[in-house]
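Written below as structure tokens is the structure these notes are about.
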Amino acid sequence: MEVLHTIADFRRARAAFGELGFVPTMGYLHQGHLALVERARAECPAVAVSIFVNPTQFGPHEDFARYPRDTERDLALLAAAGVDLVFVPPVEEMYPPGFGTYVIQPAADEVLEGAARPGHFRGVATVVCKLFNIVQPTKSYFGQKDAQQTVVIRQMVRDLNIPVEIVVAPTVREPDGLALSSRNVYLTPAQRAAAPVLYRALRAAAERYAAGERSGEALRALMREVLAAEPLAKPEYVSVAHPLTLRELDQIGLEGALLSMAVRFDGVRLIDNWVLEGMR
Ligand code: AMP
């Protein structure tokens with residue numbers, strides 16, 4: 001496994017490979033990241049991973065400075081997983097003085113994570129576009145955990161004609177349902193014990209949908225009710241949205257819906273989602 005820190009070095013190393021699977025990450029790796037790596041290994045002759053805590057996707061009052069980092073441990077996990085190339089650039093390599101071009105999707109900023117985190121998807125789309133240009137992957141792997149991110153990246157690839165295939169893999173969860181996240185380490189033991197309430201709320205709504213409920217408001221109310229039973233959980237938003245436009249739905253139609261939520265446990269913000277499959 002080669003570990004490269006500059007764009008020039010990465011390009012030189014990448015030139016030795018043909019088709020390449022790519023998993024972009026912010027590090028502090030867990031089984032969710034490793035499931036993406038395993039999928040890439042199974043589907044591609046070679047695999048590259050990036051580890052970059054991207055400052056442009058964090059708001060001024062968010063957790064960029066304290067975001068957990070452990071590159072040494074990450075590299076050991078990636079070596080054991082059979083990764084070929086790892087790109088670990090310093091911030092100045094990705095954003096040198098004078099940097100001034102961004103990828104924006106105004107519609108993404110109006111809903112869900114985009115509305116809650118101004119500038120977040122501008123940062124995500126910009127860094128992923130840059131990483132695609134540097135890594136030149138054949139396929140790139142993303143987690144369903146960040147549902148709106150997958151919609152933004154697919155739209156960017158389509159709109160800007162980027163020659164990469166996007167693969168989305170299911171969310172990996174703890175046995176009690178909590179979605180794996182690098183941010184779970186922020187949780188106190190009491191908050192950790194309360195955190196599976198997101199999964200319970202999503203499951204309750206999915207079961208009600210399976211039983212025939214099609215009212216968006218009824219499912220939003222049900223999820224809010226489940227969350228309200230957990231005093232440590234403070235919901236930021238609870239959504240039943242169209243799976244592609246991510247606009248809130250009054251009535252769920254043939255295309256199904258995306259259930260999603262952001263919930264605060266004091267300073268720790270967790271997100272989770274569940275896809276309600278449609279009829280086509
Ligand atoms: P991050 O390091 O949080 O930027 O995540 C890197 C990639 O891993 C993104 O595509 C995430 O959606 C994905 N990911 C994060 N957590 C999970 C999870 N629990 N299950 C599956 N994929 C995940």
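The values are calculated or read from the model by the stated rules, or taken from the named source; none is laboratory data. Here the structure is a predicted model, which is why all the values come from computation and not from measurement. Note that we place each Cβ from the backbone using ideal geometry, even for glycine, and neighbour counts take in every protein chain shown.
Filter the stretch 168-203 for residues that are more than 12 Å from the ligand (Cβ to nearest atom), of a type outside the set (D, E, K, R) and either farther than 16 Å from LEU259 by Cα or surrounded by fewer than 16 Cβ atoms within 10 Å (Cβ to Cβ) (or both) and give the result.
PRO175, VAL185, TYR186, LEU187, THR188, PRO189, ALA190, GLN191, ALA193, ALA194, ALA195
With the condition kept exactly as written, say whether any residue in the stretch 118-125 is more than 14 Å from the ligand (Cβ to nearest atom), surrounded by 20 or more Cβ atoms within 10 Å (Cβ to Cβ) and modelled with pLDDT of 95 or more. Quick ask: steps written out before the conclusion?
Within the stretch 118-125, the first condition is being more than 14 Å from the ligand (Cβ to nearest atom), and the residues that meet it are 118-119, 122.
Checking which are surrounded by 20 or more Cβ atoms within 10 Å (Cβ to Cβ) leaves us with 122.
Pick out the ones that are also modelled with pLDDT of 95 or more and you get 122.
Yes, that holds for at least one residue.
Got a sec? Which strands (runs of 3 or more DSSP E) wholly within the stretch 1-98 have at least 2 residues that are within 16 Å of the ligand (Cβ to nearest atom), in contact (Cβ under 8 Å) with a residue 24 or more places away in the chain and within 20 Å of ALA125 (Cβ to Cβ)?
Filter on the stretch 1-98 gives 21-25, 47-51.
I want to confirm something. Restricting to the stretch 140-155 and keeping residues that are more than 10 Å from the ligand (Cβ to nearest atom) and touching a residue at least 24 places away in the same chain (Cβ under 8 Å), which single residue is farthest from MET261 (Cα to Cα)?
Ranking the qualifying residues of the stretch 140-155, first place goes to GLN155.
So ALA228 ticks every box in (1) among the small types (Gly, Ala, Ser); (2) in contact (Cβ under 8 Å) with a residue 12 or more places away in the chain; (3) not assigned by the TED database to the domain that holds PHE132 but one. Which box is left unticked?
(2)
Residues are listed down the side, and each one gets a yes or a no for (1) closer than 28 Å to LEU187 by Cβ; (2) in a strand (DSSP E or B); (3) not hydrophobic (A, V, I, L, M, F, W, C):
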| position | (1), (2), (3) |
| --- | --- |
| PRO231 | yes, no, yes |
| LEU258 | yes, yes, no |
| MET261 | yes, yes, no |
| ASP272 | yes, yes, yes |
| VAL275 | yes, yes, no |
| GLY278 | no, no, yes |
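Residues that are of a type in the set (S, T, N, Q): find the helices (runs of 4 or more DSSP H) completely inside the stretch 101-200 holding 2 or more of those.
120-135, 147-159
Looking at ARG214, ARG158, which one is more than 16 Å from the ligand (Cβ to nearest atom) and within 20 Å of the chain's Cα centre (by Cα)?
Answer to the check: ARG158.
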